[in-house]
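Remarks on the structure that follows.
The values are calculated or read from the model by the stated rules, or taken from the named source; none is laboratory data. In this text, all values refer to a predicted model and were calculated from it rather than measured experimentally. In this analysis, Cβ positions are derived from the backbone assuming ideal geometry, glycine residues included, and neighbour counts consider all displayed protein chains. Note: areas computed on protein heavy atoms with side chains; ligands, DNA, RNA excluded. Shrake-Rupley method; radii C 1.70, N 1.55, O 1.52, S 1.80 Å.
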Amino acid sequence: GQRGPTTAMIVSHSNCIKCLMSHMDGLKPAEMSGVLVPRAVPIIYDLDEEFRPLRRAAPSRPSGLFVYPE
């Protein structure tokens, strides 16, 4: 059968989140050095069946979408 969407929430220190983002996007640590992970701002990754990001960002940038409050 076909699987429906799955949602996961990960809460962690910004350095751990940066490591996860780096792994998911295949970025080197040097490429993540300038990325700021704001406190208490959700980051959304839409993933395919192989858990690869569907949304692609600019080269050397993570593809997660930061959801800032209005």
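Residues checked against (1) in contact with a Pro (Cβ under 8 Å, 6 or more places away or on another chain); (2) open to solvent by less than 80 Å² (accessible area, probe 1.4 Å); (3) not small (Gly, Ala, Ser):
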{"position": "Ile10", "(1), (2), (3)": "no, no, yes"}
{"position": "Lys18", "(1), (2), (3)": "no, yes, yes"}
{"position": "Phe66", "(1), (2), (3)": "yes, yes, yes"}
{"position": "Glu70", "(1), (2), (3)": "no, no, yes"}
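Pairs meeting the criteria (first residue in the range 44-55 and closer than 17 Å to Ile10 by Cα and of a type in the set (Asp, Glu), second residue assigned to a loop (DSSP other than H, G, I, E, B) and modelled with pLDDT of 85 or more, beta carbons under 9 Å, at least 6 apart or on different chains) are Asp46/Leu54; Asp46/Ser63. Among the residues of the range 45-59, the ones that are out of contact with any strand residue (DSSP E or B) (no Cβ under 7 Å at 6 or more places or on another chain) and either at pLDDT below 80 or aliphatic (A, V, I, L, M) (or both) come to 4 in all.
Here the condition is being surrounded by 13 or more Cβ atoms within 10 Å (Cβ to Cβ), in a loop (DSSP other than H, G, I, E, B) and of a type outside the set (Asp, Glu); of Arg55, Arg61, it holds for Arg61 alone.
Answer yes if at least one residue in the range 34-52 is open to solvent by 90 Å² or more (accessible area, probe 1.4 Å), part of a loop (DSSP other than H, G, I, E, B) and among the small types (Gly, Ala, Ser), and no otherwise. Checked the range 34-52: at least one residue is open to solvent by 90 Å² or more (accessible area, probe 1.4 Å), part of a loop (DSSP other than H, G, I, E, B) and among the small types (Gly, Ala, Ser).
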